[in-house]
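What follows is a single structure, written as structure tokens, with notes after it.
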2 protein chains.
Amino acid sequence: MTAATSAPADPHGPAARPRRRAGRPAAAVLDQNGITSAALQLIGKSGYDGFTMAALARTLNVAPSALYNHVSSKRDVLVLVQDHLTSFVDVTAFEAGDWEQAVRDWAWSYRDVFSKHTPLIPVIAVLPVADAPKTLAMYEAVSAGFSRAGFPQERIVPAIVAIESFIFGSAYDVTAPADIFDSGTMAASTPHFTAAVQRLAEEGHEKPADVAFRLGLEALLAGLGALRAA
Amino acid sequence: MTAATSAPADPHGPAARPRRRAGRPAAAVLDQNGITSAALQLIGKSGYDGFTMAALARTLNVAPSALYNHVSSKRDVLVLVQDHLTSFVDVTAFEAGDWEQAVRDWAWSYRDVFSKHTPLIPVIAVLPVADAPKTLAMYEAVSAGFSRAGFPQERIVPAIVAIESFIFGSAYDVTAPADIFDSGTMAASTPHFTAAVQRLAEEGHEKPADVAFRLGLEALLAGLGALRAA
């Protein structure tokens, strides 16, 4: 994941600003890490609905204009937060070599990180990777693992995108209310669905979102795994 | 899909309001269909960012207070819009019997409908079905198809949720910019990923989002299809 520390192209990055003079108080120095930490702190306290640039400036104890010297919009901050969170996604097993277990570790950790931050999903799903060095480093680790596992090169990106799409949708499902499939007064007109929901509830050992995620992920692993060279 | 026309429990529904007297101008009558049509018209014109209750009231040529007699929030309107759009999702093939083709028709049409309305995905992904009669009717048609195809009853809902999660994530991917995977100045530090992206671009016959969706969907079909009773 070294790409994350070598992003030279970001005009908002530390390199683009003059070095602070000795003697200035450290608390007054704004940088991407400080903005990201403050944003996460604010989001943890007030959620994404309460997350505004004005509130972020207050959290940082700076004027909004000082904040805008470093990021041009709320979306910029969300990109920083998203990229930071991606560093908690586990790609270590791709180096060890068991492709199926590596995809499992990656996918479960990826889902778990973003299920706590679903308002970022619309951002990350359409985010150019050039703006997100840690995300790009994740893709590199995953691509290298797929390549070593014998995937045809032209299938690697589509396979990653397919698994990621499943992960993003599944992250939302983690946040679904327990009664999402309660057909209520329409039970009589939806007998197959109502019976299937009831039957699943009777099984009831594991969270429904985890049951669905495991089933889908294992199906994807079986289906995509067949693409690998013998 | 008859459940959609027999939703008796909605307190905002037509049945809960007094019938209008003969002679009143039809344009002044607000109902769920009229609100839904106006919302779609407004969203088509100004997108979801420009969609506010005030703008919707103006489109309907009524006072905001009149609108709030029928829906209690913007989210209520988005639920109406989402449920309406679900009626364009194709579930007809589930009756014909070929499970794989029915899932294909369902999944592609479902993705295509919501890729044009991605701001609804966070709403639909956590929406209790009791609030959405057409969505519930869709689940009934799909569940019945899975049941006829020999799926164990306790696997039907998790399998549907897994495919749906994949569809929701894939709907976002349709809207991704063409350069989403351009690694830019970081190409040298991400050789596997950059090469895989380049290789896919050289293939280049089909939209990348369609390639990924087909690959993932066929993998899910193969993996989930194995659950069916012989």
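The values are calculated or read from the model by the stated rules, or taken from the named source; none is laboratory data. Worth saying up front: this structure is predicted, and the values here are computed from it rather than measured. Ideal geometry is used to build each Cβ from the backbone, glycine not excepted, and the neighbour counts take in all protein chains shown.
Quick notes on this one:
- The set of residues from the stretch B:95-120 being surrounded by 20 or more Cβ atoms within 10 Å (Cβ to Cβ) and at pLDDT 95 or above comprises B:99, B:102, B:103, B:106, B:107, B:110, B:111, B:114.
- Of all residues in the stretch A:208-225, those that are modelled with pLDDT of 95 or more have Cβ atoms under 6 Å from Cβ atoms of residues that are polar (S, T, N, Q) and part of a helix (DSSP H, G or I), 6 or more apart or on another chain, in A:213/A:170.
- Candidate set: the stretch B:126-136, residues that are assigned to a helix (DSSP H, G or I) and at the interface with chain A (Cβ under 7 Å from one of its Cβ atoms); chosen: the one surrounded by the fewest Cβ atoms within 10 Å (Cβ to Cβ): B:130
- The stretch A:173-217, residues that are more than 20 Å from the chain's Cα centre (by Cα), acidic (Asp, Glu) and at the interface with chain B (Cβ under 7 Å from one of its Cβ atoms): A:179, A:182, A:203
- Residue A:123 meets the conditions (1) in a loop (DSSP other than H, G, I, E, B); (2) under 30 Å from residue B:166 (Cβ atoms) in every case but one. The failed one is (1).
- A single member of A:139, A:172 is under 26 Å from residue B:205 (Cβ atoms) and either part of a helix (DSSP H, G or I) or touching a Ser or Thr at 6+ places or on another chain (Cβ under 9 Å) (or both), and it is A:139.
- Here residue A:170 clears all of (1) polar (S, T, N, Q); (2) farther than 21 Å from residue A:80 by Cα; (3) surrounded by fewer than 22 Cβ atoms within 10 Å (Cβ to Cβ); (4) at the interface with chain B (Cβ under 10 Å from one of its Cβ atoms) except the condition numbered (3).
- With respect to (1) out of contact with any Ser or Thr (no Cβ under 6 Å at 6 or more places or on another chain); (2) within 22 Å of residue A:102 (Cβ to Cβ); (3) facing chain B (nearest Cβ under 7 Å), the lone exception for residue A:145 is condition (3).
- Among residues of the stretch A:31-43 that are free of Cβ contacts under 8 Å to residues at least 24 places away in the same chain, those with a Cβ under 6 angstrom from a residue that is of a type in the set (Ser, Thr, Tyr) and part of a helix (DSSP H, G or I), sequence gap 6+ or separate chain, pair up as A:38/A:59; A:42/A:59.
- Check on residue B:178, outside any helix (DSSP H, G or I) and of a type in the set (A, V, I, L, M, F, W, C): yes
- From the list A:143, A:189, the lone residue that is assigned by TED's automatic domain parsing to the domain that holds residue A:113 and modelled with pLDDT of 95 or more is A:143.
- Against the test of being within 7 Å of chain A (Cβ to nearest Cβ) and either within 30 Å of residue B:106 (Cβ to Cβ) or exposed (fewer than 14 other Cβ atoms within 10 Å of the Cβ) (or both), the options B:220, B:227 yield a single qualifying residue, B:220.
- Members of the stretch A:113-135 that are in contact with a His (Cβ under 8 Å, 6 or more places away or on another chain) and closer than 14 Å to residue A:43 by Cα: none
- Of the listed requirements (1) over 30 Å from residue A:205 (Cβ atoms); (2) surrounded by 18 or more Cβ atoms within 10 Å (Cβ to Cβ); (3) of a type in the set (D, E, K, R), residue B:74 misses just one: (2).
- The residues on offer are A:195, A:171, A:144, A:188, and the sole one that is in contact (Cβ under 8 Å) with a residue 12 or more places away in the chain and more than 21 Å from residue A:119 (Cα to Cα) is A:144.
- The lone exception for residue B:150 - which of (1) outside any helix (DSSP H, G or I); (2) more than 8 Å from every other protein chain (Cβ to nearest Cβ); (3) surrounded by 16 or more Cβ atoms within 10 Å (Cβ to Cβ) it fails: (3)
- Test for residue A:118: is it among the hydroxyl-bearing types (Ser, Thr, Tyr) and more than 8 Å from chain B (Cβ to nearest Cβ): no
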